[in-house]
Amino acid sequence: MDPQTVNLLLGLLVGLILGGGLIGLGFGILRKMGLDSAKDRAQSLLREAQTEIDSQRRTAEIEAREAQLARRAEHEVELEKSRRRLREEESRIERREAAIELKQEHGLQRERELEAIQRTLVAQKEDLDRRHGEVKQLLANQRENLAKLARMTSDEARTQLLERIEAELSSDLGERVLRFEAGIRETSAARAREILATSIQRYAASHTAETTVSTVDIPSEDIKGRIIGREGRNIRAFEKATGVDVIVDDTPGIVIVTGFDNVRREVAKLSLQKLIQDGRIHPGRIEEIVAETQHEMDQHILDTGREAAHEVGIVGLHEKLLHYLGRLKFRTSYSQNVLRHSIEVAFLTGMLAEELGYDCELGRRCGLLHDIGKAADHEMEGGHPLIGSELCKRFGEGADVAHAALGHHDDVRIEHPYTVLVASADAISASRPGARRDTLEKYVRRLEDLEALASGFPGVDHAYAIQAGRELRILVDSAQIDDPSAAKLCRDIAKAIEDQLTYPGEVKVTVLRETRSVEFAR
């Protein structure tokens, strides 16, 4: 029960108790004052009590009714909120159901479209299969008809057809070569010349030619006898310890040291100078001085390798690579010092890489180590490109550096851009005026090989090697060779030179074709 109802019942109970007390009191008074007056007064009290009780009852009923109405209003408010929530939930569910239905409709439409596409593809495949069969049947019929008309077998007809197509395509190939070469020249020749010229101008190095002979100055002619020793024992001991030849002749003031290993020759030269300064020349002292000089030379080679790496700006090279790099100082190629050549190639490769947007430092590293195999080609089997690549891999260099050492002579398929840059820089360094020199016999033989190779092609009248073998001029018979065929012939000769001959730098091939008409006025 709610508090208001409890209060109402308590009020009624209190009123009844009060009424009962008043009635008892009234009866007592009546007894004392008289029965009549007591009755009247009791009745009056009863009426007042009844009136009070009725008033309190009505008040309690009104309050109970008001409380009931208030509770009903609260219940109705709560009920209205619940109904509102239910309506919102129903609306949300209806919207979700509508979206699901729309998605289902789209899915059904996509399925219908896919089925239509699949039916179309099946029909197209069937049509293509049918046409393919018709084409095969038509070709078979045509081959049979051609064989009947020409009275040839299918193999003979195929051979004749291929020969005709090859003859027609030869002319078309020459025209395509001319067209593509013209377009390539327009877009790349200017840029290539600009990059190469810029790199060459940025780095200009002096060149010196080295030989396999060293001379040692002597203070007097008496030293020659002491160098030779009794019955030649000193000179034999010196040659055995150093591995070189010592020539003591009538040339005044000098002794000649000769050998193809430049490191041994340098050790022998320094050892002989020390022996002359010391004055004690005998087999025991010779072995001691040579061993001491050899140790100093090993340290000098390592220091030379470090200086070369520092000059180029390369860090982190393995000590063995630095030692091999220092040995290149005592190695020559066509009388060009290989270490100076490697440093020059390093700078040129770095500049070319910088012009083209590649890593300049990695380009210098590839260029510096591209000929490292020449320092160990007497210790390992194979050519210096393969040896250099193996050394780079063994001592922690990356794939770009190893491949540059392996492919800088275009012996393998190019896989890294730095290999092309190293090959270009190597050709630039080798073709500088004064960088290399060749013997007359090799020079003449190379020119003769170029001319003989070109003269062996059909349609060639004359071939002339000019500009020290760097250009080949070819005159062809205009009756046998037309313009497209001349372009194809030029490309074939250049490819044959690359495959069959060995030459420094590059060879320019020029094919000349002209038609002459001669008449005599008599």
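The values are calculated or read from the model by the stated rules, or taken from the named source; none is laboratory data. Since the model is a prediction, treat every value here as computed from it, not as a measurement. Neighbour counts run over all protein chains shown; Cβ positions are idealised from the backbone, glycine included. Note: areas computed on protein heavy atoms with side chains; ligands, DNA, RNA excluded. Shrake-Rupley method; radii C 1.70, N 1.55, O 1.52, S 1.80 Å.
Within the stretch 242-252, can you find the residues that are touching an Asp or Glu at 6+ places or on another chain (Cβ under 9 Å) and surrounded by fewer than 20 Cβ atoms within 10 Å (Cβ to Cβ)?
Narrowing the stretch 242-252 to residues touching an Asp or Glu at 6+ places or on another chain (Cβ under 9 Å): 243-246, 252.
Listed by number, the residues that qualify are G243, D245, P252.
Just checking, how many residues over the stretch 334-367 are closer than 21 Å to H416 by Cβ and among the polar types (S, T, N, Q)?
Of the residues in that region, 2 qualify.
Output the number of the condition that F260 fails; it satisfies all remaining conditions of (1) loosely packed, with under 15 Cβ neighbours inside 10 Å; (2) of a type outside the set (V, I, T); (3) closer than 16 Å to I276 by Cα; (4) in contact (Cβ under 8 Å) with a residue 24 or more places away in the chain.
(3) is the only condition that F260 fails.
Within the bounds of the stretch 500-521, is there any residue that is modelled with pLDDT of 80 or more, in a loop (DSSP other than H, G, I, E, B), within 26 Å of R340 (Cα to Cα) and open to solvent by less than 100 Å² (accessible area, probe 1.4 Å)?
Yes, that holds for at least one residue.
Looking at H370, H403, which is the one that is touching a residue at least 12 places away in the same chain (Cβ under 8 Å), part of a loop (DSSP other than H, G, I, E, B) and either closer than 15 Å to V420 by Cα or in contact with a Phe, Trp or Tyr (Cβ under 9 Å, 6 or more places away or on another chain) (or both)?
On the way: H403 fails: part of a loop (DSSP other than H, G, I, E, B).
None of the others qualify; the one that does is H370.
So, of the residues in the stretch 327-368 that are aliphatic (A, V, I, L, M) and within 20 Å of the chain's Cα centre (by Cα), which turns out to be most open to solvent (accessible area, probe 1.4 Å)?
Step one: filter the stretch 327-368 for residues aliphatic (A, V, I, L, M), giving 328, 338-339, 343, 345-346, 348, 351-353, 356, 362, 368.
Among the residues that remain, those that are also within 20 Å of the chain's Cα centre (by Cα) are: 351-353, 356, 362.
Working: M351: 22, L352: 6, A353: 0, L356: 84, L362: 41 Å².
Of everything passing the filter in the stretch 327-368, L356 is most open to solvent (accessible area, probe 1.4 Å).
Whether any residue in the stretch 65-86 is assigned to a helix (DSSP H, G or I), farther than 30 Å from G19 by Cα, under 60 Å from the mean Cα position of the chain (by Cα) and aliphatic (A, V, I, L, M) is what I want to check. Write out each step before concluding.
Step one: filter the stretch 65-86 for residues assigned to a helix (DSSP H, G or I), giving 65-86.
Adding the requirement that they be farther than 30 Å from G19 by Cα leaves 69-86.
Subset that is under 60 Å from the mean Cα position of the chain (by Cα): none.
Within the stretch 65-86 (the criterion being assigned to a helix (DSSP H, G or I), farther than 30 Å from G19 by Cα, under 60 Å from the mean Cα position of the chain (by Cα) and aliphatic (A, V, I, L, M)), the answer is no, since none of the residues qualifies.
Inspect all residues belonging to the stretch 383-393 and state whether any of them is at positive phi and open to solvent by 20 Å² or more (accessible area, probe 1.4 Å). If you could, list the steps in order and put the result at the bottom.
Of the residues in the stretch 383-393, the ones at positive phi are none.
Checking the stretch 383-393: not a single residue is at positive phi and open to solvent by 20 Å² or more (accessible area, probe 1.4 Å).
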